[in-house]
Every structure is written in structure tokens, then in C-alpha cells.
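Peer 1: Can you read through this structure? Questions will come right after.
The values are calculated or read from the model by the stated rules, or taken from the named source; none is laboratory data. Keep in mind that what you see is a predicted model, and the values were worked out from it rather than measured. Note that we place each Cβ from the backbone using ideal geometry, even for glycine, and neighbour counts take in every protein chain shown. These area figures cover heavy atoms from the full protein model, side chains too; ligands, DNA and RNA do not enter into them. Shrake-Rupley method; radii C 1.70, N 1.55, O 1.52, S 1.80 Å.
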Amino acid sequence: MKRLLFLALCFFGLTAQADPILVPEVSQHEVQVRQGFTGTELLLFGAILDPTGARAGQDYDIVVVLKGPTQPIVLREKDRIAGIWMNADSSAFQSAPSFFAVASSARVLDIVDERTAAIYELGLDFIQLSPSGTIDPDEQARLTAGLVDLRSRQGLYKEVVEGVQISEQVLYQARISLPSNVQTGVYTAETFAIAKGRVIDSAIAEVEVKKVGFERFIEIFSQRYAFWYGLLAVSLSIFMGWVAGRLFALI
């Protein structure tokens with residue numbers, strides 16, 4: 001009996017190791033934001049191999065999810081009150097990705113079911129926000145859709161169907177652009193290899209977006225000395241207003 005159990009464990013161990021493994025990489029692990037930064041494009045690439053290092057013995061699809069730093073957010077819904085558009089309902093969420101992009105080798109729901117897509121957040125329809133308190137599911141879905149629409153128009157949320165190219169079922173690559181208004185911080189690029197509707201492997205690469213030069217100095221100064229930064233900003237605004245007024249008086 002013990003021998004049979006041992007053989008069964010060995011069999012399951014070997015079959016578990018038969019799944020291919022991902023070897024991901026990104027074109028740049030650091031994005032420097034300077035004055036005049038207009039955005040950049042990241043190349044996410046890699047290979048999928050079996051545990052022996054040979055070519056994977058099955059067809060697969062690739063989905064890449066690039067997420068920016070999460071942040072707390074309050075979503076407000078506008079409504080027409082007495083003929084005027086005003087803030088109505090609002091809900092607070094503990095975390096929402098500042099940037100969210102998905103690139104896939106095929107339409108996501110053609111390669112996985114909705115449950116799998118929701119578990120791994122494989123698309124804009126499956127972003128998971130963490131509400132700060134109790135919230136009605138329908139209201140949460142409505143507010144989430146509103147956030148996705150707003151940030152999609154800002155270029156911060158995007159979904160690229162067939163944005164991943166696979167060569168010989170070994171190499172893959174995807175290009176995701178970062179707009180100029182991205183938030184600084186650590187971004188995670190998670191790659192999923194999918195075969196027969198199942199995620200067979202995933203791997204993460206990181207990219208740091210940070211300000212450098214004078215922009216970096218201003219960012220650090222505003223964070224460490226918030227009071228003096230605010231006072232300086234107000235004083236500078238008053239001074240510039242006074243200078244503008246004097247110039248117009250001389251014209």
C-alpha cells in the first residue's frame with residue numbers, strides 16, 4: 001500500500017512538472033520622467049519552455065497585464081438635480097490601479113471562461129476594486145464601469161486584443177505604451193500562459209517609473225516639506241500676479 005502511494009505521488013509530481021514555464025523580460029526596468037516627458041513604449045517579451053528547456057509541446061495563448069501603483073479613490077456619480085448636474089452618490093475604495101493595460105494573443109473570453117478571467121483580472125471588465133465598506137454589488141459595478149470609462153479616455157486604462165505576437169509557440173512579445181500622465185511608482189507586468197482554458201503558468205516582471213532631475217527635487221520637497229511647499233506655491237502665485245498687474249499697468 002505504501003509503495004502504491006509512493007508511485008502515485010511520483011506520477012502526480014512528474015505530471016505537475018510537465019507544464020511549460022514562462023521566462024519573461026521587459027525592455028526597460030526603469031522609466032525616467034523628465035521635463036517634457038511625452039510617454040514611452042514598453043516591450044514585454046519572453047519565452048515559454050518545458051521544464052527540460054526544450055520547446056513547449058502544446059499550443060498556448062499569452063495574456064500580459066501591466067498594472068500601476070494602487071491608490072485609494074472616492075468615486076462620485078453625477079445626477080441632474082433641479083436641472084443642474086451635481087454630485088450625487090459616492091463610494092470610497094481602498095485601492096484602484098492608477099494604470100491598467102491588458103494585451104492578449106486572442107480575445108480573452110475566447111481562451112478562458114469568465115470565472116478564470118475574473119480571478120486573474122484579464123481585462124477591463126474584470127478589474128477588482130476593494131470597497132472601504134459595504135456596497136451594493138450593482139452600484140459597485142456601475143461605479144467601476146464609470147472609472148474604467150474615465151481612465152480609458154485619459155489613456156490610463158486600455159485593452160489590446162491580439163496585442164501579443166507568438167513566434168513558433170516559443171517566443172512572445174507585446175508592446176504597451178505609457179502616456180505622459182502616468183503616476184510614478186513600481187509597475188508590475190504579469191504574464192499568463194494559457195492552454196485549453198487553463199492558466200498553466202504565470203510570471204511577474206517589474207518596472208519602476210520615477211521622476212529625475214528638477215522634477216524629482218520638486219516631488220521630494222513637496223512630500224517632505226508639505227507646509228513650506230504650499231506656502232512657497234501660494235507666495236509665488238501672488239508674486240506672479242503682482243508682476244503681471246504691474247506689466248499691464250505700464251502698457
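Peer 1: Of 96, 92, 101, which residue is in the same structural domain as residue 39 (by TED's automatic domain parsing), part of a strand (DSSP E or B) and closer than 22 Å to residue 199 by Cβ?
Peer 2: Every option except 101 fails the conditions.
Peer 1: In addition: Residues that are in contact with a Ser or Thr (Cβ under 7 Å, 6 or more places away or on another chain), within 24 Å of residue 41 (Cβ to Cβ), loosely packed, with under 13 Cβ neighbours inside 10 Å and at pLDDT 80 or above: does the stretch 155-167 have at least one?
Peer 2: Yes: the stretch 155-167 contains one or more residues that are in contact with a Ser or Thr (Cβ under 7 Å, 6 or more places away or on another chain), within 24 Å of residue 41 (Cβ to Cβ), loosely packed, with under 13 Cβ neighbours inside 10 Å and at pLDDT 80 or above.
Peer 1: Related question: Touching a helix residue (DSSP H, G or I) at 6+ places or on another chain (Cβ under 9 Å), at pLDDT 90 or above and buried (at least 19 other Cβ atoms within 10 Å of the Cβ): which single residue out of 108, 33 fits that description?
Peer 2: On the way: 33 fails: at pLDDT 90 or above.
Residue meeting the stated conditions: 108.
Peer 1: Then there is this: Residues that are touching a strand residue (DSSP E or B) at 6+ places or on another chain (Cβ under 7 Å) and assigned to a strand (DSSP E or B): does the stretch 145-155 have at least one? Before you say what the answer is, go through the steps one by one.
Peer 2: Applying the first criterion (touching a strand residue (DSSP E or B) at 6+ places or on another chain (Cβ under 7 Å)) to the stretch 145-155 yields 146-148, 151-152.
Now narrow it down to the ones that are assigned to a strand (DSSP E or B): none.
Scanning the stretch 145-155 turns up no residue that is touching a strand residue (DSSP E or B) at 6+ places or on another chain (Cβ under 7 Å) and assigned to a strand (DSSP E or B).
Peer 1: Can you go through 205, 189, 193 and tell me which one is farther than 30 Å from residue 37 by Cα, in contact (Cβ under 8 Å) with a residue 12 or more places away in the chain, open to solvent by less than 20 Å² (accessible area, probe 1.4 Å) and outside any loop (DSSP other than H, G, I, E, B)? It would help to see each step written out before you state the result.
Peer 2: Numbers: 205 fails: farther than 30 Å from residue 37 by Cα; 189 fails: farther than 30 Å from residue 37 by Cα.
That would be 193, the only listed residue that is farther than 30 Å from residue 37 by Cα, in contact (Cβ under 8 Å) with a residue 12 or more places away in the chain, open to solvent by less than 20 Å² (accessible area, probe 1.4 Å) and outside any loop (DSSP other than H, G, I, E, B).
Peer 1: Going by what's in this entry, would residue 173 be described as under 12 Å from the mean Cα position of the chain (by Cα) and open to solvent by less than 80 Å² (accessible area, probe 1.4 Å)?
Peer 2: Numbers: under 12 Å from the mean Cα position of the chain (by Cα): no; open to solvent by less than 80 Å² (accessible area, probe 1.4 Å): yes.
Judged against the criteria, residue 173 is not a match.
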